[in-house]
Amino acid sequence: MYPGCGKSALARYLVDQLLPTTEAGTTCYFFFKSGSESYRSLSSAMCSILRQLFEHRPALLSSKMLAHFKGRSTLTGSFSSLWRLFINAARQANSGDIICIIDGLDECSKDDKKKMLAALNLLYHSDSNLKTPNIRFLLTSSPFGYFKRHFQSVGKEVPHIDLVVGNQATTDQIFKHMHIVTGDMAESIRRAFY
C-alpha cells in the first residue's frame with residue numbers, strides 16, 4: 001500500500017468499529033508517526049500494547065509478571081524484554097484473544113523493523129515454541145514488498161491487501177470510492193480475525 005491509500009483510516013476504523021475490545025478479546029493498537037521520536041520507536045509501541053492489554057485484563061499482571069518491572073529502569077527501552085512480557089501474558093489461560101493493529105510500520109527505524117519482523121516470524125513459525133494461536137497481528141505499511149519478503153520464512157503465504165496504483169484513472173477511481181473500498185476491506189479483515 002502506498003501513502004494516501006487509506007491505511008491509517010482503515011486501521012482506525014478497525015480499532016474503533018469492527019474489532020473493538022470485548023470480554024472475549026482485546027484489541028491493542030499503535031500508530032507509528034514519522035514526526036515524533038516517541039511514535040517511531042518499537043519499544044514505545046510494545047509499551048502501549050502492553051498497557052492496553054493489562055488495562056483490559058488486569059489479572060494478567062500476576063506477581064511473577066510484576067517482578068519483571070521491579071528494579072529494571074531499562075525494561076521499557078528494550079523491545080526484546082517487552083516482547084517476552086507480551087508473549088508470557090498472551091500464554092496465560094485468561095488472556096483471551098489478542099489482536100494487535102500496528103499502523104505505519106515503515107515509519108519506524110530500519111533496526112526496529114527488523115526486530116519486529118524477526119519476532120513475528122518466530123511467533124508464527126510452525127516449529128516455534130513461542131507459537132500462540134490467540135495472537136493476531138495486522139500491520140499496515142508502505143511499501144509492502146519489503147515486509148512480504150521477510151515473512152516468506154514462515155512457510156505460508158502472508159495474507160495481505162495491496163493497493164497498487166497503476167495509472168491515474170485507477171487512482172481517481174480508488175479515491176472516489178475510498179469509503180466503499182475501505183468498508184469492504186475492513187469487513188474482509190474483520191472476517192479473517194473472527
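No value in this document is a laboratory result; all are computed from the given coordinates. Predicted, not measured: the structure shown is a model, and the values here were computed from it. Neighbour counts are summed over all protein chains in view; Cβ atoms, including those assigned to glycine, are modelled from backbone coordinates with ideal geometry.
Observations, loosely collected:
- Label sites at SER62 and GLN92, each approximated as a point 7 angstrom past Cα along Cα to Cβ, lie 0.8 nm apart.
- Segment 89-129 shape via C-alpha gyration tensor axes, a/c threshold 1.5: oblate
- Per-residue ³J(HN,Hα) for segment 43-56, Karplus 6.51 cos²θ - 1.76 cosθ + 1.60, θ = phi - 60°, Hz, x for Gly and Pro: 5, 4, 4, 5, 4, 5, 5, 5, 4, 5, 4, 5, 5, 7
- Pairwise Cα distances in segment 19-61 exceed 15 Å for 46 percent of all pairs.
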